[in-house]
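First the structure, in the form of structure tokens, and then the observations on it.
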Amino acid sequence: MADRVTVIGWDGSPLTAAARGALGAATLVAGAAHHLALPDVPQTAERIRLGSVGLAARRIAGHRGTAVVLADGDPAFFGVVRTLRAPEFGLEVEVVPAVSSVAAAFARAGMAWDDAQVVVAHRRTLRRAVNVCRAHPKVAVLTSPGAGPAELGLLMEGVHRTFVICEELGTDREQVSVVTSDKAADHSWRDPNVVIVVGGSSAAVPAGEGTGWIAGRDPAAGPRGWVQPDAAYGEGVVLGEGETDLLRAAQLARLGPRVGDLVWDIGCGSGAFATDAARAGAAVIAVDRDLAACVRSDAAARGFGVQLQIVHGDAPHVLENLPEPDVVRVGGGGAAVVGAVADRRPQRIVTHAATRDAAELIGRDLTEHGYQVECALLQSVELDTRAWTETERNVAFLLSGVLPDRAP
């Protein structure tokens with residue numbers, strides 16, 4: 001095992017005395033090509049070009065001597081430190097950090113970033129990174145080859161955002177460009193780069209509260225509760241039979257939308273469920289054939305400071321060109337729409353039916369598509385607590401399907 005392993009972050013500025021001292025004593029140096037070209041790297045040291053960090057960690061673990069790993073920015077922030085410290089390698093490391101590339105990107109843009117989400121986009125995580133960009137008004141994306149600004153822009157179709165693209169930060173080839181998301185695919189971008197994605201509405205900061213208390217999305221923003229009472233969606237707004245707050249709560253519990261997910265809400269009605277799902281941090285596409293419902297849904301989202309993509313059209317036909325969902329609520333359309341959704345293989349589907357016959361038909365269709373189906377008869381009775389008399393009664397069959405080979 002290496003006698004000593006030092007991980008040095010580099011942001012383009014001159015290395016600190018501690019970093020130069022560690023490099024000068026190194027018998028093995030690992031890093032990208034531009035790191036290995038630094039004049040402080042000893043000519044006699046063994047050099048490893050970083051591709052797979054895991055393979056490099058094995059080489060370092062087997063090295064007898066002093067090892068240095070060079071990385072861009074802060075190597076402890078979405079960097080190599082986590083891999084090097086993995087139990088299978090047994091490496092203890094010292095870290096000499098530099099300014100992270102995310103901090104540098106926001107500095108170039110002149111923007112605060114304590115309220116930003118930060119995600120890493122690889123080929124395998126690109127879709128989830130895009131969903132975070134759909135759902136949140138300020139996101140920093142650490143990109144990789146094949147999952148860069150062009151790919152982000154292509155997958156953001158239908159959602160308007162502004163991209164601040166910072167290429168090769170800290171080098172003499174550094175460049176900062178501002179483009180709209182629909183234009184990002186028209187250019188070739190140099191790696192490495194960081195993309196700041198901004199746009200859409202956000203919850204207002206109360207007067208006198210210019211700073212937040214927690215980094216990223218404030219979990220305390222907005223009122224408490226998974227769902228909001230019907231009256232919260234506007235005076236005089238009449239919610240449909242599948243939108244009562246207790247049924248929405250049960251639907252939300254079955255689907256469990258979370259950050260990085262894409263939710264379809266088909267037959268969004270007033271937008272109550274779509275807004276509740278967006279408040280959980282998920283990206284949401286709300287679909288309805290009624291233009292007035294689309295307008296109401298947009299107003300509901302704006303009222304709670306969340307992002308929705310509104311799609312006006314008839315299901316199931318309008319669903320054909322939508323991006324792949326993780327979970328889906330079918331608020332209207334019956335078995336035909338549920339079947340079309342099941343063809344897209346989301347992890348979970350939830351819907352409701354007014355009669356047992358309709359519930360059986362939907363349940364059989366979900367089962368034939370390979371879903372594990374649950375059905376419950378939900379009855380809610382609202383009481384006037386002054387006289388303890390019944391004021392309203394709602395009954396619905398709640399159906400949920402889970403795809404076993406996709407369920408996390």
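The values are calculated or read from the model by the stated rules, or taken from the named source; none is laboratory data. Because the structure is a prediction, the values reported are computed rather than measured. Please note: Cβ atoms are built from the backbone with ideal geometry, for glycine as well, and neighbour counts cover all protein chains shown. The protein model used for the area step is the full one, side chains on, heavy atoms only, and it has no ligands, DNA or RNA in it. Shrake-Rupley method; radii C 1.70, N 1.55, O 1.52, S 1.80 Å.
Once the stretch 268-292 is narrowed to residues that are farther than 15 Å from residue 330 by Cα and of a type in the set (A, V, I, L, M), the residue that is most open to solvent (accessible area, probe 1.4 Å) is 291. Note on the stretch 46-78: residues that are under 29 Å from residue 193 (Cβ atoms) and open to solvent by less than 30 Å² (accessible area, probe 1.4 Å) total 12.
From the set of residues in the stretch 106-131 that are of a type in the set (Gly, Ala, Ser) and assigned to a helix (DSSP H, G or I), which is nearest to residue 170 (Cα to Cα)? For the stretch 106-131, the residue satisfying everything is 107. Among the candidates 88, 94, the residue that is in a loop (DSSP other than H, G, I, E, B) and open to solvent by 70 Å² or more (accessible area, probe 1.4 Å) is uniquely 88. Counting only residues that are of a type in the set (Val, Ile, Thr) and out of contact with any strand residue (DSSP E or B) (no Cβ under 7 Å at 6 or more places or on another chain), the stretch 249-271 holds 1 of them.
Residues considered: 152, 169. Of these, the only one that is open to solvent by less than 10 Å² (accessible area, probe 1.4 Å), touching a residue at least 40 places away in the same chain (Cβ under 8 Å) and either β-branched (Val, Ile, Thr) or touching a helix residue (DSSP H, G or I) at 6+ places or on another chain (Cβ under 8 Å) (or both) is 152.
Listed here are the residues, each with its yes/no results for (1) at pLDDT below 95; (2) closer than 26 Å to residue 378 by Cβ; (3) small (Gly, Ala, Ser).
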| position | (1), (2), (3) |
| --- | --- |
| 221 | yes, no, yes |
| 288 | no, yes, no |
| 296 | yes, yes, no |
| 304 | yes, yes, no |
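Count, please, the residues in the stretch 99-121 that happen to be open to solvent by 20 Å² or more (accessible area, probe 1.4 Å), under 16 Å from residue 192 (Cα atoms) and more than 13 Å from the chain's Cα centre (by Cα). The qualifying residues number 4. If only one of 332, 281 is in a loop (DSSP other than H, G, I, E, B) and in contact with a helix residue (DSSP H, G or I) (Cβ under 7 Å, 6 or more places away or on another chain), which one is it? Criteria check complete, one pass: 281. For the stretch 362-401, residues that are under 23 Å from residue 268 (Cβ atoms), assigned to a helix (DSSP H, G or I) and open to solvent by 30 Å² or more (accessible area, probe 1.4 Å) total 1. Just so you know, in the stretch 296-312 the residues that are within 15 Å of residue 267 (Cβ to Cβ) and either assigned to a strand (DSSP E or B) or without any contact (Cβ under 8 Å) to a residue 60 or more places away in the chain (or both) include one that is most open to solvent (accessible area, probe 1.4 Å), and it is 312.
Among residues of the stretch 313-330 that are more than 16 Å from residue 135 (Cβ to Cβ), none has a beta-carbon under 8 Å from a residue that is of a type in the set (Ser, Thr, Tyr) and open to solvent by 80 Å² or more (accessible area, probe 1.4 Å) at least six positions away or on a different chain.
Residue 54 fulfils the conditions (1) out of contact with any helix residue (DSSP H, G or I) (no Cβ under 9 Å at 6 or more places or on another chain); (2) under 25 Å from residue 168 (Cα atoms) except for a single criterion, (1). The set of residues from the stretch 328-349 being aliphatic (A, V, I, L, M) and buried (at least 24 other Cβ atoms within 10 Å of the Cβ) comprises 328, 330, 338, 341, 349. Condition check for residue 141 on (1) of a type in the set (Val, Ile, Thr); (2) free of Cβ contacts under 8 Å to residues at least 60 places away in the same chain; (3) surrounded by fewer than 21 Cβ atoms within 10 Å (Cβ to Cβ): one failure, at (3). Among the residues here, residue 181 qualifies as modelled with pLDDT of 95 or more, surrounded by 14 or more Cβ atoms within 10 Å (Cβ to Cβ) and closer than 28 Å to residue 103 by Cα. Within the stretch 42-54, being of a type in the set (A, V, I, L, M, F, W, C) and under 14 Å from residue 81 (Cα atoms) holds for 50, 53.
Scanning the stretch 12-29 for residues that are without any contact (Cβ under 8 Å) to a residue 24 or more places away in the chain and farther than 13 Å from residue 65 by Cα returns 14, 17, 20, 21.
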